[in-house]
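Below is one structure, written out as structure tokens, with a few remarks after it.
The values are calculated or read from the model by the stated rules, or taken from the named source; none is laboratory data. Everything quoted here is computed from the prediction, not taken from an experiment. Virtual Cβ from ideal backbone geometry, glycine too; neighbours counted across all protein chains shown. Each accessible area value is taken on the protein alone, full model and side chains, heavy atoms only, with ligands, DNA and RNA left out. Shrake-Rupley method; radii C 1.70, N 1.55, O 1.52, S 1.80 Å.
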Amino acid sequence: MDHPTKYYDSLEEFKNARSILHNYQKTHNIIRKDYINLLELTYQHMSHQKSFNTLYRSCLRELFCLIESDLYNLNSLDEYHCYSDFDRFLNKFKKTFKQVCSTWEKEDIQKRYFNVSLEKLKDVKLRRDKVTHPKSPNDLNDATIDDLERVKMVFEEYTLLVSNLMDGFFVGMKNYPT
């Protein structure tokens, strides 16, 4: 079976790519599992508004911890043109997934996510920005179950994007089989 593969010219580049890929997968899985636990804890504290608010805000922040870690590692593996870790989040998100999905011939996955889920991600990002950098008490309103459900949906859709991307994701060395 033929799988899309990014090939490297030297053994050193190939080993580096494998190391980055391993680091990416391991880091992603640790944060993802922590995030699932955080979601469970948040649901358990729905009847205690003060605890629920605190945990909901943590859910917002930690979701972007996961995504930003992924963006960093994916760009270490397959950097988009003029990449900077200081690029604005949404720009970096779009360019990263366009680049990586192009390299591994998974543009359909990227386009589907951008068409169906990107606006929800933007909305949750704005909510995260408000609780991370509040300008007034209004930025720290009581959270609702609908707010949490929205964050959970964004997490699930993002997790599906990454899972679909990683399925059949290979690196290789020129003149050597994968």
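Before moving on, here are some points about what is shown:
- So residue 151, is it open to solvent by less than 20 Å² (accessible area, probe 1.4 Å), β-branched (Val, Ile, Thr) and closer than 21 Å to residue 44 by Cα: yes
- Taking the listed residues 128, 88, the one that is surrounded by 13 or more Cβ atoms within 10 Å (Cβ to Cβ) and under 24 Å from residue 27 (Cα atoms) is 128, with no other qualifying.
- Residues (of a type in the set (Phe, Trp, Tyr) and either modelled with pLDDT under 95 or assigned to a loop (DSSP other than H, G, I, E, B) (or both)) located in the stretch 155-178: 169, 170, 176
- Qualifying residue in the stretch 72-85 (condition: in contact with a helix residue (DSSP H, G or I) (Cβ under 8 Å, 6 or more places away or on another chain), assigned to a helix (DSSP H, G or I) and among the charged types (D, E, K, R)): no
- Candidate set: the stretch 104-125, residues that are more than 14 Å from the chain's Cα centre (by Cα), open to solvent by 30 Å² or more (accessible area, probe 1.4 Å) and of a type in the set (D, E, K, R); chosen: the one nearest to residue 170 (Cα to Cα): 105
- Qualifying positions in the stretch 69-85 - open to solvent by 30 Å² or more (accessible area, probe 1.4 Å), of a type in the set (Phe, Trp, Tyr) and within 22 Å of residue 4 (Cα to Cα): 72
- Of all residues in the stretch 31-51, those satisfying the criterion of being hydroxyl-bearing (Ser, Thr, Tyr) and more than 19 Å from the chain's Cα centre (by Cα) are 42, 43, 47, 51.
- So residue 139, is it out of contact with any Asp or Glu (no Cβ under 8 Å at 6 or more places or on another chain), surrounded by fewer than 17 Cβ atoms within 10 Å (Cβ to Cβ) and not polar (S, T, N, Q): yes
- Residue 66 satisfies every condition listed in (1) buried (at least 21 other Cβ atoms within 10 Å of the Cβ); (2) under 21 Å from residue 163 (Cβ atoms); (3) aliphatic (A, V, I, L, M) except (1).
- Test result for residue 144, of a type in the set (S, T, N, Q), open to solvent by 40 Å² or more (accessible area, probe 1.4 Å) and closer than 15 Å to residue 39 by Cα: yes
- Among the residues of the stretch 1-20, those identified as open to solvent by less than 70 Å² (accessible area, probe 1.4 Å) and closer than 20 Å to residue 175 by Cβ are 3, 4, 5, 6, 8, 10, 14, 17.
- Number of residues in the stretch 118-154 that are touching a residue at least 24 places away in the same chain (Cβ under 8 Å) and assigned to a loop (DSSP other than H, G, I, E, B): the value is 2.
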